[in-house]
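For reference, the structure is listed below as structure tokens.
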Amino acid sequence: MKKIISISLLFISTVILAELPSWGMTENQYKLPNFNTKMKEIGGEAAKNNWLLKITAPKDWHSKIRTGLTDAGAVDVQVNFKDSLHQSITITAAPGIKMAKVSPSTSNTTVQKQVVIDKPEIDTEVEAPEFGKIKIESNADELLESISNMEIAVPQAKEVVTNPTETIADEKSETKALNNTTSLPQQSNNEAVIAESDDALSEQAKIEESKENLRNRYARNKRVDKNLSYNNIKSKDDLYIDGSVVLIKRFVNQGVVLYFWMHENYDPDVHKLVDKGSGKYQKDPSAQMEAESNETETAIEENKVTNLDFIAIDTDLDSQDDLRRDFARNKRVNVNIRADQLREDDVLYVLNQTVLVERPITTVQSAYFWLVGSTVIPREVERQKDNQFIVR
């Protein structure tokens, strides 16, 4: 009877373990804006069911995964990380350690939180090397004997100068002549080089400080490593100035924001900007029109390129479902294309970073694709609605 009960318990525990969920994510899903939201849902479920989450992911991703699972420390989640060489995430739920119940001893209730510390596995089975018997002989007697026999030479005093005034005068005249011939020009050149170097370092330090201030105040402390020339700035871009540095904030679509540094050092006499208040500037529309008018018609015909300024992805399933339901009669879309494969009259429907391409075949029939990769389109694109474009 005991044997039957043991087998039953083992079977039940195996079934329970088998029912615990697991999750897998790719690098693209890790970079999506809703990554922290999904992590928060998994962490909340783990805390509710007292699970231990065993996570295999690249070491650089651990901090962001932990922050998402614990909702920035607001939820206690048991986690165990393991480094991975692959750019992917595997999360497996396992039974966690049960938290002890705390009964209040006084009117003030003390809440104890459970903390799980990731301990590295250490191989403790290390055998100390065996040393043979070593005989160290003392040579103190030899050292003492050498010291007693050591001859110490006393330095001889310099000769006394009989006429110090004459000697000092000769030395001063020689030093003055030497300084007049060689020392002064060399010293002057060194000082000029040092001063120039100090000025360059000081200017670079000011530029870096200005960039850091602008990133913290207006770019949500994001890393900005791309430059944009003044001629390529649009009149709708928001500009922020600190000294000679200009931060460019560009809205693309559906809340997507890109940041750039202006390539040139800011010069109010050259770069025409309009003050919009609260530290924000925009390019003077007259300067924008002037720059556009300087381009020849031939160049415009030869360089009809449209840049939507984001990277199209096919991993946002929620956005794909919304686009298929709204514009493709909920049909399945299994084929991806690149920007250079777009044709005339192709229609683009944009949601976040997902682009559904409709290619009319007849008046009542169309083919559908997902656009992936760069959205620099080597054709003219006309906007029809906020999230709808047509290729010309």
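The values are calculated or read from the model by the stated rules, or taken from the named source; none is laboratory data. Computed from a predicted structure; not experimentally measured. Cβ coordinates were reconstructed from backbone atoms using ideal geometry, including for glycine residues, and neighbour counts include every protein chain displayed.
Scanning segment 72-84 for residues that are under 18 Å from T37 (Cα atoms) and either under 20 Å from the mean Cα position of the chain (by Cα) or outside the structural domain of I55 (by TED's automatic domain parsing) (or both) yields a count of 1. Has segment 309-322 got at least one residue that is at pLDDT below 90, exposed (fewer than 12 other Cβ atoms within 10 Å of the Cβ) and not polar (S, T, N, Q)? Within segment 309-322, none of the residues are at pLDDT below 90, exposed (fewer than 12 other Cβ atoms within 10 Å of the Cβ) and not polar (S, T, N, Q). For Y368, the conditions (1) surrounded by fewer than 17 Cβ atoms within 10 Å (Cβ to Cβ); (2) of a type in the set (S, T, Y); (3) assigned to a strand (DSSP E or B) are fulfilled apart from (1). Somewhere in segment 200-207, is a residue within 30 Å of F389 (Cα to Cα) and either over 23 Å from the mean Cα position of the chain (by Cα) or not in a strand (DSSP E or B) (or both)? No, because not a single residue in segment 200-207 is within 30 Å of F389 (Cα to Cα) and either over 23 Å from the mean Cα position of the chain (by Cα) or not in a strand (DSSP E or B) (or both).
So, V252, is that one touching a residue at least 12 places away in the same chain (Cβ under 8 Å) and among the β-branched types (V, I, T) or not? Taking the combined requirement at face value, the residue satisfies it. If I ask for residues that are more than 28 Å from the chain's Cα centre (by Cα) and charged (D, E, K, R), which ones from segment 30-56 would you list? E45, K48, listed by residue number.
Out of S366, S319, which single residue is touching a Pro at 6+ places or on another chain (Cβ under 7 Å) and not assigned by TED's automatic domain parsing to the domain that holds S88? S366 is the lone residue from the list that is touching a Pro at 6+ places or on another chain (Cβ under 7 Å) and not assigned by TED's automatic domain parsing to the domain that holds S88. Count of segment 323-346 residues, restricted to those that are closer than 25 Å to P33 by Cβ and surrounded by 16 or more Cβ atoms within 10 Å (Cβ to Cβ), is 7. For segment 270-289, taking the residues that are modelled with pLDDT under 85 and buried (at least 17 other Cβ atoms within 10 Å of the Cβ), the one that is farthest from the chain's Cα centre (by Cα) is identified as A287. Here the helices (runs of 4 or more DSSP H) wholly within segment 15-72 that include at least 1 residues being in contact with a strand residue (DSSP E or B) (Cβ under 7 Å, 6 or more places away or on another chain) and of a type in the set (K, R) are 62-69. A Cβ distance below 6 Å, combined with a sequence gap of six or more or placement on separate chains, defines the contacts here; from segment 14-26, residues that are hydrophobic (A, V, I, L, M, F, W, C) reach residues that are modelled with pLDDT of 85 or more in the pairs L20/A93; W23/I91; M25/I89.
Would you mind stating whether L356 is closer than 21 Å to F251 by Cα, buried (at least 20 other Cβ atoms within 10 Å of the Cβ) and without any contact (Cβ under 8 Å) to a residue 40 or more places away in the chain? The answer is yes for L356.
The numbered conditions (1) under 23 Å from L20 (Cα atoms); (2) within 27 Å of the chain's Cα centre (by Cα); (3) at pLDDT 90 or above are all true for Q87 except (1). Scanning segment 234-283 for residues that are under 23 Å from Q353 (Cβ atoms) and not in a strand (DSSP E or B) yields a count of 8.
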